[in-house]
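Below is one structure, written out as structure tokens; the observations come after it.
None of the figures in this text is laboratory data; all of them are computed from the coordinates on show. If you're wondering where the values come from, they're calculated on a predicted model, not measured in any experiment. Don't worry about glycine lacking a Cβ; one is built from the backbone with ideal geometry, like all the others, and counts go over all protein chains shown.
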């Protein structure tokens, strides 16, 4: 099993956790021949697994990530009856890690999953390039639609693969309460960046 150090993540949800930091250290080594920065990055164990899934399309790590997440949830025990992934920031990616992980977690826990209850309806730039939290919130306003026929009266686990500032998860949580008529929202992210930028 992957060793983790769960961290509370603050937000509008009732309670939320990331299983661990994404990286431990990242040292700038210079630029490549195209002028792109090169870093020597040391990741946590689960951060390395997420990196392999997200950036190397290595599906062999999915079961181990989900085994670890499932074990954590069996200790945490939030009273959830629906798993909803955060819509991915890159819609064109062939493999969507957040969908794969949420669906596998659903099957493991025998808790329903849907990726249609929350959908992105407005194009926004990748938030990792926006450093001002208020600006992120402005960009996220009206960015997601909620199918309240799916979420009404539900206790939801809002699931993401990487927690940065929490702006997206907070905006979706507010919509799940205000428009989705969810009873409770809990948040789980596989990893969290060391910086909230």
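GNM remark for the chain: springs join alpha carbons under 10 Å apart, and the peak mean-square fluctuation among 84, 150, 27 falls on 27. Against the chain, whose longest principal axis comes from its Cα atoms, helix 167-178 is set at around 0 degrees. What the Cα convex hull of the chain gives, in volume per residue, is 123 Å³. Residue separation of residue 77 and residue 56 scaled by 0.36 nm, minus their Cα-Cα distance, works out to 4.4 nm of gained length.
Would you kindly state how much longer the chain becomes between residue 33 and residue 116 on full extension, computed as 0.36 nm times their sequence separation minus their alpha carbon distance, in nm to one decimal?
Roughly 25.7 nm would be gained on extension.
Of the peptides 36-43, 180-187, 19-26, the ranking by mean beta-carbon count within 10 Å, highest at the top, reads 180-187, 19-26, 36-43. Stretched out straight at 0.36 nm per residue, the stretch from residue 14 to residue 1 would grow longer than its current Cα-Cα span by 1.9 nm.
So what is the calculated 222 nm ellipticity per residue for the chain, using -39500 (n - 2.57) for each DSSP H run with n of 4 or more, over all residues, to the nearest 500 deg cm²/dmol?
Roughly -9500 deg cm²/dmol at 222 nm, from the helical runs in the chain.
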